[in-house]
1. Looking at (1) in the same structural domain as Ile251 (by TED's automatic domain parsing); (2) β-branched (Val, Ile, Thr); (3) closer than 22 Å to Ile413 by Cα, which one does Val398 not meet, given that it meets all the others?
2. State the number of residues belonging to the range 260-307 that are within 19 Å of Ile246 (Cα to Cα) and charged (D, E, K, R).
3. Which ones in the range 26-78 are more than 28 Å from the chain's Cα centre (by Cα), closer than 16 Å to Tyr272 by Cβ and not in a helix (DSSP H, G or I)?
4. Looking at the range 388-412 only, could you name the residues that are surrounded by fewer than 15 Cβ atoms within 10 Å (Cβ to Cβ) and among the aliphatic types (A, V, I, L, M)?
5. Does Thr280 satisfy being over 19 Å from the mean Cα position of the chain (by Cα), under 17 Å from Leu64 (Cβ atoms) and surrounded by fewer than 18 Cβ atoms within 10 Å (Cβ to Cβ)?
6. Hey, Ile309 hits all of (1) more than 16 Å from the ligand (Cβ to nearest atom); (2) assigned to a loop (DSSP other than H, G, I, E, B) but one; which does it fall short on?
7. Here is a check on your reading of the model: is Thr299 touching a helix residue (DSSP H, G or I) at 6+ places or on another chain (Cβ under 6 Å) and buried (at least 20 other Cβ atoms within 10 Å of the Cβ)?
8. For the range 238-274, which positions are more than 12 Å from the chain's Cα centre (by Cα), under 30 Å from Arg203 (Cα atoms), among the aliphatic types (A, V, I, L, M) and within 15 Å of the ligand (Cβ to nearest atom)?
Amino acid sequence: MMDTPYWEKELETISRRDLENLQFSLFKRKMQYVYDNSPMYRQKYDQAGIKPDDIGSLTDICRLPFTEKEDLRESQERQPPWGDCICIPPEEGVRVFQTTGTTGTPVKIILNNNDWEKHFYRQFMHFMKGYGITPHDRLYVPFNYGLHIAWWGLQAAFERAGVMIIPGGGISSENRIKALLEYKATVICGTPTYMLYLEETARKMGVSLEDTPIRILIVAGEPGANVPATKKTLEKMWGAFCYDDIGSSEISNFGFECIRQKGTHIIESMFYVESIDPETLQPVADGEVGELVITNLITESMPLIRFRIKDLVRFDRSTCDCGRTFLRLDGGILGRSDDMFQFAGINIFPSALENFIREMVEFSDEYQIHVPKQGSGNPLLIKVEPKRKEVAPEELQVTRQRLIDKVKLNMTITPMVEIVKMGELPRFEAKAKRVYRS
Ligand SMILES: [Zn+2]
């Protein structure tokens, strides 16, 4: 097996103790910085009666109030367009982004030259080395970049590191398949949903993606890279390794999966992470599922302290087979705390259901989950469709029962599974909507 390529080996293999010392000094410095430069943070900490000097150790951090997405929205409404959450004069900005707005008014992001040229570059180099990408690779980006941070960062940093970038925005999926063949792309990025869709498109065109030079898929924006069945499907379809990339526009990209594929690493030299119980807001132990809270230790323009990103994760602090000591998210992002739903008294993550559905090869990769009102007595409904015309109806019924049994065994609930016509469920090019609540 190839040696692990590192970006900053000394930091990536640092002992936990030294890392915690480093994180503590960076955290203190950043807290003082936001207190001095962002009226929103100064007010937040004054209201809570806490000064930066009151933080004497990493454990004290849990006394600080969280930063919610809503705080950023309110700040920007108070003082459009950037709000009083930023720490730089807007004239210093060289890059702007905004969130997708799928959960409300988009939040605007501004970055100064230091953040964009220095800090983001450093972040993305961790990704590039982590995935084992070299200057010989060619990255195909099958998207319009727009105002979303997602592919701008990869594009700018990888290009600077010598990787050829092939932009594929503004054209049809068919033309994207043609382009990635023509340019002999070796790396492609996208949401897991779109990577599935693109493969379906290629198959209809009579193209087998397994036979292309693509060797790496970088997937972001949804769980999936780490939903075992989805990952396996993607790797098989594309004949490539599939690696997770996690981040958000507000806090930027902070996690990558290494070539050993043993969970998603957090760049802990640049970010401080905590895991909390979304109900009690108290810390949860390593190995337990909790909601990710993340602090930006390095950036200058709009660093966020204790940001509730609403992703559910499970921490693993053991050293990875790659040699990195950076904490890993076991199974990547397990789901969104907003997406998690309760049924028959248990918490259900849609990604866990997705894993069972995608293990059933007779069904296509599209599905819908319909969650009934609590206490209505109605069953949980899963809609699936056949993968191919040739699958016999009897075979579909057997698979349907297998899916029901699997969910029952693992989750102690009995879902209703409806098989709809092939192609009836909607396809998505970006983030998919598959959970519907009544
Ligand atoms: Zn690793």
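The values are calculated or read from the model by the stated rules, or taken from the named source; none is laboratory data. Just so it is clear, the structure is predicted and the values come from calculations on it, not from any experiment. Reconstructed Cβ throughout: ideal geometry from the backbone, glycine too, with neighbour counts over all protein chains shown.
1. Only one criterion in (1) in the same structural domain as Ile251 (by TED's automatic domain parsing); (2) β-branched (Val, Ile, Thr); (3) closer than 22 Å to Ile413 by Cα is unmet by Val398, namely (1).
2. Looking only at that region, the number is 6.
3. Scanning the range 26-78 gives Ile55, Gly56, Ser57.
4. Those that are surrounded by fewer than 15 Cβ atoms within 10 Å (Cβ to Cβ) and among the aliphatic types (A, V, I, L, M): Ala392, Val398, Leu409.
5. When the stated conditions are applied, Thr280 passes them.
6. It is condition (2) that Ile309 fails.
7. Spelling it out, Thr299 is indeed touching a helix residue (DSSP H, G or I) at 6+ places or on another chain (Cβ under 6 Å) and buried (at least 20 other Cβ atoms within 10 Å of the Cβ).
8. Within the range 238-274, Ile259 is the sole residue that qualifies.
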